[in-house]
Amino acid sequence: MPRKNRIEKVGFYHIINYGVARSNIYLCDDDFMKFLEIVQDASNDYGFEIYSFCLMNNHYHLLIKTKMENLSSALQKINSRYSIYFNNNYKRVGPLWQGRFKSWFVYDERYLQALVKYIEFNPIKANITQTSGEYKWAMSSYNVEFLMLNVELIKAIDFNDVFTEKEQEVVDKIYSAKLTIEKDSIKNEKLEPLENYFNDNIRVVAIVKAISDGYRQTQIARFLKLSNVAISKIYKIYKQKVKLFDKLRDKGIFWSFSKDISYEGAGENFTMEYLLKYGDFDDMLLGFELFGKRAMKKVWEEKLKSDKRFIKLNLMIARLFFGMDVESSYFKEVKNARFEKLKLLAS
């Protein structure tokens, strides 16, 4: 799937970037300070201001206000320069960042105060500090002075107040907004209510569709009364199933079907059937891990077990995956359940 084009309009953006595999990107105070110096250099070159920041051990938050349509170029310079510094300083090789940075355009400036509180309350949420202003690598601590820092919003907020559920809903609105550019203006397409996704759809399908439309996993978790970890796991497994399906398709396993066949259109049972029939051993192992032994066995018994064309394959699957102590003669005697049902109906 092609990447979505970033919005590059002038205005406020919330930026987040994580270290690869959520590993630490700041190992000492010098690293935190070096990162901010690099951000200041980029500010000089690209003309943006910082209205809030919080540098956690393995990721950073920046609330940037751009003056030109150059967000991607500015962040590319920041991430690249810091990656070079970090790798050289710690004799390290390989990518530092988990991927390209995440950015959300703040389409309604009335939401800025809630967003600033969300960013500045990160150390409290992570149980690093008890009150805001204590964590020295958040802007509300006033620990550092740089020309790029605009304290207008920070000074307007009472950080003694807790971060409320209502403020979290405001932040969620920013994250889940579907923004489109029409001529010179940005339009916010309202999402349909979250409950509508779960009226008729299978839950995992509803979760994936809601996420792809713009809902955050935390919003879905609250709606379903599940943990964020549970939603993340469901979504991750689904994406792995799609990746496996695409791999099988690229190998030509679905040669008799349309070349545009997709996992969403084909479904789980179809994928498991063709995986068992034509996938290689490593693909099968992954299939059992993703779909589960019970589901794979059900498909095997319905679609493969009685098929005389696959006796050797059935013997291998039965012995290795299902622990069955059988010989090939067992499969020669297995009745074709579908054939027997049709014969019964015809009698």
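The values are calculated or read from the model by the stated rules, or taken from the named source; none is laboratory data. As the structure is a prediction and not an experimental result, all values here were calculated from the model. All Cβ positions, even for glycine, are placed from backbone atoms using ideal geometry, and neighbour counts span all protein chains on display.
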Qualifying residue in segment 117-137 (condition: farther than 23 Å from Tyr51 by Cα, assigned by TED's automatic domain parsing to the domain that holds Ile64 and modelled with pLDDT of 90 or more): yes
Enumeration of residues in segment 146-194 that are at pLDDT below 70, among the charged types (D, E, K, R) and in contact with a strand residue (DSSP E or B) (Cβ under 9 Å, 6 or more places away or on another chain): Lys187, Glu189, Lys190
Ile16 being β-branched (Val, Ile, Thr) and more than 19 Å from the chain's Cα centre (by Cα): no
Matching residues in segment 256-287 - criterion: being of a type outside the set (D, E, K, R) and over 19 Å from Phe310 (Cα atoms): Phe257, Ser258, Ile261, Ser262, Tyr263, Gly265, Ala266, Gly267, Leu286
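So that you can scan it fast, the table gives a plain yes or no per residue for (1) in contact with a helix residue (DSSP H, G or I) (Cβ under 6 Å, 6 or more places away or on another chain); (2) outside the structural domain of Gly133 (by TED's automatic domain parsing); (3) crowded, with 17+ Cβ neighbours inside 10 Å:
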site: Asn17; (1), (2), (3): no, no, yes
site: Ser23; (1), (2), (3): no, no, no
site: Asp29; (1), (2), (3): no, no, no
site: Val39; (1), (2), (3): yes, no, yes
site: Phe53; (1), (2), (3): yes, no, yes
site: Ile64; (1), (2), (3): no, no, yes
site: Leu75; (1), (2), (3): no, no, yes
site: Ile84; (1), (2), (3): no, no, no
site: Asn87; (1), (2), (3): no, no, no
Sole exception among (1) in a loop (DSSP other than H, G, I, E, B); (2) buried (at least 17 other Cβ atoms within 10 Å of the Cβ); (3) over 12 Å from the mean Cα position of the chain (by Cα) for Glu192, by number: (2)
In segment 197-219, the residues that are surrounded by 14 or more Cβ atoms within 10 Å (Cβ to Cβ) and either of a type outside the set (A, V, I, L, M) or in contact with a Cys (Cβ under 7 Å, 6 or more places away or on another chain) (or both): Tyr197, Phe198, Asn201, Lys209, Asp213, Gly214, Tyr215, Arg216, Gln217, Thr218, Gln219
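Please determine, by comparing only the residues of segment 53-107 that are charged (D, E, K, R) and more than 25 Å from Ser141 (Cα to Cα), which one is nearest to the chain's Cα centre (by Cα).
Looking at residues that are charged (D, E, K, R) and more than 25 Å from Ser141 (Cα to Cα), I get Arg100.
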Near pairs, Cβ below 6 angstrom, 6+ apart or cross-chain, from segment 142-170 (assigned by TED's automatic domain parsing to the domain that holds Ile50 and among the polar types (S, T, N, Q)) to any residue that is surrounded by 13 or more Cβ atoms within 10 Å (Cβ to Cβ) and outside any strand (DSSP E or B): Asn143/Lys136
Restricting segment 119-154 to residues that are outside any loop (DSSP other than H, G, I, E, B) and surrounded by fewer than 14 Cβ atoms within 10 Å (Cβ to Cβ), the residue that is farthest from the chain's Cα centre (by Cα): Glu152
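Going through His61, His14 one at a time, which residue ends up being in contact with a Cys (Cβ under 6 Å, 6 or more places away or on another chain) and not in a loop (DSSP other than H, G, I, E, B)? So that I can check it myself, show each step before the final result.
On the way: His14 fails: in contact with a Cys (Cβ under 6 Å, 6 or more places away or on another chain).
Residue meeting the stated conditions: His61.
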